[in-house]
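Read the structure below first, then the notes.
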Amino acid sequence: MKEDYFTEDFILEMKERYFRGRKWEKIRPFKRVAVLAIDLQAYFLTPESRAFLPSAPRFVPRLVEFYRAVEKLGVPIIFIRHFHRGDIMTRWWDGNMPRDDPLNELLEEFKPFARTVIEKRTYDAFHGTDLEERLRKLGVETVVITGVMTHLCCETTAREAFVRGFNVVFPVDGTLTQNRLFHEATLRNLSHGFAVTPLLLEVLEWLSSE
């Protein structure tokens, strides 16, 4: 089920298939933006973990570069950290993700950008958290979804953001999951009814423009 799929060819193919320029033009005027950085924890991004995503070595440097550029632009980055114990997530995944497990810490490469961290216990970063309240206080109109995993926490949060009235940007190269099929399935669904799917570079060009 797991594969190293996150190549430049894959990224460009996904952009070609699922980016909808007309939708992007509708969102572009709404530039009060926050970036959500979802579950960028060692549990998913280091080889010693059972949940390691094989494309992580390709993905992490790309996202670090994006966050560095976003931070220089003054765009807030809100990190989301997941843990669960003794609940439906435990039953589904046959195990806990304890809060105090070192593998559940943010990956070291991302810690310099993690000035705001919200903890969640399920796929949806809004459920049982103050994420929406924080976004409203910042005057945010549009959220940019990044992180892991594409088809679980990232997709669920994107859908919920749309339902709550936020514009959603879901860069084709801004999230990572276990394989190409899961990643593409999310892009196919979200691009139809929930989100616009540009490249991270195009998001930066948009945020940098007057």
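Bear in mind that the values in this text are calculations on the coordinates, not laboratory data. If you're wondering where the values come from, they're calculated on a predicted model, not measured in any experiment. Every residue, glycine as well, gets a Cβ built from its backbone with ideal geometry; the counts of neighbours run over all protein chains shown.
Residue by residue, the range 60-76 carries 3J(HN,Hα) couplings of 4, x, 4, 6, 4, 4, 5, 5, 4, 5, 4, 4, 5, 7, x, 7, x Hz when phi is fed to the Karplus relation 6.51 cos²θ - 1.76 cosθ + 1.60 (θ = phi - 60°); x denotes Gly or Pro. Per-residue Cβ neighbour counts within 10 Å put ASP94, ASP173 in the sequence ASP94, ASP173, beginning with the fewest. Contact order, relative form, for the chain: 28 percent (alpha carbon pairs under 8 Å, 6 or more residues apart, mean separation divided by residue count). Its Cα centre serving as origin, the chain has a Cβ charge dipole (Lys and Arg +1, Asp and Glu -1) of approximately 660 debye. Tell me which lysines have Cα within less than 18 Å of LYS2's Cα, excluding those fewer than 8 residues away on the same chain? Those lysines meeting the cut-off do not exist here. Between the beta carbons of LYS31 and LYS2, assuming R0 = 25 Å, the FRET efficiency works out to 0.10 to the nearest 0.05. By other beta-carbon atoms within 10 Å, ranking ILE38, ILE88, ILE77 with the fewest at the front produces ILE88, ILE77, ILE38.
Note on LYS72: lysines with a C-alpha under 26 Å away, same-chain residues under 8 apart excluded, are LYS15, LYS26, LYS31, LYS111, LYS137. The slack between ALA69 and ALA185, meaning 0.36 nm per residue of separation minus the straight C-alpha distance, is 38.9 nm.
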